[in-house]
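Asks: Following this message is one structure expressed as structure tokens.
The values are calculated or read from the model by the stated rules, or taken from the named source; none is laboratory data. In this text, all values refer to a predicted model and were calculated from it rather than measured experimentally. Every residue, glycine as well, gets a Cβ built from its backbone with ideal geometry; the counts of neighbours run over all protein chains shown. With ligands, DNA and RNA removed, areas are computed over all heavy atoms of the protein, side chains included. Shrake-Rupley method; radii C 1.70, N 1.55, O 1.52, S 1.80 Å.
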Amino acid sequence: MKRIIFDFIRPPEPRLEQVESGEAPKESLVGYYYLRKSGYNVAHTSRPAVEQVNGKLRRLIRSLEIPSYSDLRTWRTADTIVLVTRMSLLPGIVIKLMGKELVFYDAMQTLPKHPLKKMILKLVIGLADKIIGFSENQLREWEKRYPAFREKGAAINYGIDSDFFSPNEIQAERSSQYISVGRDPNRDFSILNDFLNTPSRKLILVTKDYLVTPQLRENPAVEILDGLSYEELENLYHQSQATVIPLKKGTTHLSGIRASLEAMANRTPVIIARNQSLEEYFTDRKHVVFFEPESLSSLESALQFLEQPENRTRMVEEAYQLVREKYNYKQMAESLIRTIEG
């Protein structure tokens with residue numbers, strides 16, 4: 001069994017403590033918690049967040065991801081080092097100079113546009129032994145620009161701890177509010193202001209303040225929240241007519257996958273902007289209602305579909321069974337290990 005070190009961009013200890021105390025689901029840290037508790041030979045580096053580091057020089061070092069002595073000492077014990085949620089040049093060079101296997105995991109988001117970033121990323125991809133994501137379509141999108149993905153890329157299914165949630169009854173009485181959750185810059189929150197054209201509609205927007213448009217911030221029908229506990233978030237899902245996940249045109253990665261699966265586990269219908277990566281996971285009007293990105297008329301059509309009780313009941317139950325049977329965090333973690341060791 002390989003000795004695998006996971007290197008997280010943010011300190012993982014607070015989230016590990018939340019999972020241990022039952023405050024957060026077990027898929028936290030994209031499967032690492034399950035692997036650690038299941039006896040696999042895994043460990044992690046504990047790297048302080050940039051904003052928590054005192055001194056300009058030390059903050060610069062952290063932003064460049066220059067490995068610390070503590071990082072190097074931990075990495076020396078590894079066969080494989082997994083850089084989670086990013087592809088970074090300096091750590092990659094150091095890891096390969098140490099003779100270790102380098103894996104990038106959950107790092108395929110938006111393709112870079114700046115020529116310098118494109119060049120750097122090409123170098124970074126050349127260093128990798130494996131690049132693991134959650135979508136075959138996303139792999140193909142990256143392969144168009146970086147042919148190395150043909151041999152290095154691999155896709156596994158994302159999964160969540162559906163047992164963590166207490167699903168609401170399908171026919172439970174709900175308020176007229178909708179909920180939208182996410183911090184991804186590819187969210188098209190601007191369309192939600194137009195979506196609130198009916199006086200009875202209310203919106204709970206769970207996101208970072210800097211992603212909120214001025215129009216939404218000034219709209220009295222919108223309540224903006226952040227820093228919620230999972231219990232508070234679950235209650236909001238239970239109260240809402242549906243989860244609305246709008247995406248910008250051209251978004252190719254699985255933006256919104258976690259919010260979708262969480263809503264499904266709570267028996268809350270999901271309305272989400274269509275892309276080919278999400279279509280790998282869900283069937284339209286069976287598990288979710290897709291609408292065309294940035295199209296208010298398409299979003300309104302999706303809402304009309306859910307206004308039919310038989311459509312809503314059938315879709316919610318199909319989605320609930322899907323997330324419990326297919327998109328499970330244990331399967332995600334086991335697939336990750338098989339891919340690394342394969």
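Asks: Under a point-charge model restricted to the Cβ atoms of Lys and Arg (+1) and Asp and Glu (-1), what is the dipole moment magnitude of region 107-239 relative to its Cα centre, in debye to the nearest 20? Mind dumping the intermediate values first?
Replies: Details: 17 positive and 19 negative charges, 221 e Å.
The calculated dipole for region 107-239 is roughly 1060 debye.
Asks: Also, I was wondering about something else. Can you list which of the trypsin sites (Lys or Arg not before Pro) found in region 88-179 are DSSP loop residues with at most 16 other C-beta atoms within 10 Å?
Replies: Numbers: sites: K96, K100, K113, K117, K118, K122, K130, R140, K144, R145, R150, K152, R174; in loops: K100, K113, R174.
In loop regions of region 88-179 (DSSP not H, G, I, E or B), the sparsely surrounded trypsin sites (Lys or Arg not before Pro) are K113, R174.
Asks: For Cα pairs less than 8 Å apart in space and 6+ apart in sequence, what is the mean separation divided by the residue count of the chain, i.e. the relative contact order in percent?
Replies: Reported relative contact order: 17 percent.
Asks: Still on this model: Quote to one decimal, in nm, the extra length available between R86 and K249 on full extension: 0.36 nm per residue of separation minus the C-alpha distance between them.
Replies: Taking R86 through K249 to full extension adds about 56.4 nm, to one decimal.
Asks: Rounded to a whole number, what % of the accessible area of region 245-331 do carbon and sulfur atoms account for, probe 1.4 Å?
Replies: Carbon-and-sulfur percentage of accessible area, whole number: 43.
Asks: With N set to the residue count of the chain, report its C-alpha Rg divided by 2.2 N^0.38 Å to two decimal places.
Replies: So the Cα radius of gyration is 1.03 times the expected 2.2 N^0.38 Å.
Asks: Given V206, P220, T243, which one lies farthest toward the positive end of the charge dipole of region 177-327, if we put +1 on the Cβ of every Lys and Arg and -1 on the Cβ of every Asp and Glu?
Replies: The listed residue farthest towards the positive side: T243.
Asks: With unit charges on the beta carbons (Lys and Arg positive, Asp and Glu negative) and the dipole taken about the Cα centre of the chain, which residue among I257, V84, N137 sits farthest to the positive side?
Replies: V84
Asks: Further question on the same structure: At a 1.4 Å probe radius, carbon and sulfur cover how many percent of the accessible area of region 4-155?
Replies: 55 percent
Asks: Now a separate question. So what's the Cα pair-distance distribution over region 163-252, bin width 10 Å, in %?
Replies: Per 10 Å bin, starting at zero, the Cα-Cα P(r) for region 163-252 comes out as 16, 48, 31, 6 percent.
Asks: Using alpha carbons only, how many angstrom separate the centre of region 180-250 from the centre of region 90-137?
Replies: 32 Å
Asks: Give the calculated FRET efficiency between E310 and E13 to the nearest 0.05, with a Förster radius of 45 Å applied to their Cβ-Cβ distance.
Replies: FRET efficiency, E310 to E13: 0.40.
Asks: Give, in whole angstrom and from largest to smallest, the semi-axes √(5λ) of the equivalent ellipsoid of region 177-327, with λ running over the eigenvalues of the Cα gyration tensor.
Replies: Details: eigenvalues 92, 55, 52 Å².
Semi-axes, largest first: 21, 17, 16 Å.
Asks: Still on this model: Counting only heavy atoms of protein chains, what accessible area per residue, in Å², does the chain have with a probe of 1.4 Å?
Replies: On a per-residue basis, 47 Å².
Asks: Mind listing which chymotrypsin sites (Phe, Trp or Tyr not before Pro) in region 132-201 are in a DSSP loop and have 10 or fewer other Cβ atoms within 10 Å?
Replies: Within region 132-201, no chymotrypsin sites (Phe, Trp or Tyr not before Pro) qualify (loop, at most 10 other Cβ atoms within 10 Å).
Asks: Report the gain in length on full extension from T213 to R76: 0.36 nm times residue separation, minus Cα-Cα distance, nm rounded to one decimal.
Replies: Between T213 and R76, full extension yields an extra 44.7 nm.
Asks: State the answer as a single residue: which of F290, M315, P269 lies farthest towards the positive end of the charge dipole of the chain, with beta carbon charges of +1 for Lys and Arg and -1 for Asp and Glu, about the Cα centre.
Replies: Sorting the options by dipole projection puts first F290.
Asks: Return the FRET efficiency for the residue pair E143, R183: r is the Cβ-Cβ distance, R0 is 35 Å, and the value is rounded to the nearest 0.05.
Replies: Efficiency, rounded to the nearest 0.05: 0.80.
Asks: So which of K117/K249; K122/K248; K37/K144; K117/K208; K248/K330 end up more than 29 Å apart, counting from Cα to Cα?
Replies: Cα-Cα > 29 Å for K37/K144; K248/K330; rest within.
Asks: At q = 0.10, 0.18, 0.20 Å⁻¹, what is the base-10 log of I(q)/I(0) for region 4-155 according to the Debye formula with one equal point scatterer per Cα and no solvent? Please give it to two decimals.
Replies: -0.37, -1.19, -1.37
Asks: Pull out the extension gain between K122 and S21, defined as 0.36 nm times the separation in residues minus the alpha carbon to alpha carbon distance; nm, one decimal.
Replies: So the chain would gain 32.2 nm between K122 and S21.
Asks: While we're looking at this one, here's another question. Let me know the charge dipole size of the chain about its Cα centre in debye, to the nearest 20, where only the beta-carbon of Lys, Arg (+1) and Asp, Glu (-1) is charged.
Replies: Roughly 1680 debye, rounded to the nearest 20.
Asks: Additional query: E317: accessible area at probe 1.4 Å, nearest 10 Å²?
Replies: Answer for E317: close to 60 Å² accessible.
Asks: Please list, by residue number, every one of the GluC sites (Glu not before Pro) in region 1-51 that is coil in DSSP and has at most 14 other beta-carbon atoms within 10 Å. Write out the running numbers ahead of the final one.
Replies: Values: sites: E17, E20, E23, E27, E51; in loops: E23, E27.
Those satisfying the criteria are E23.
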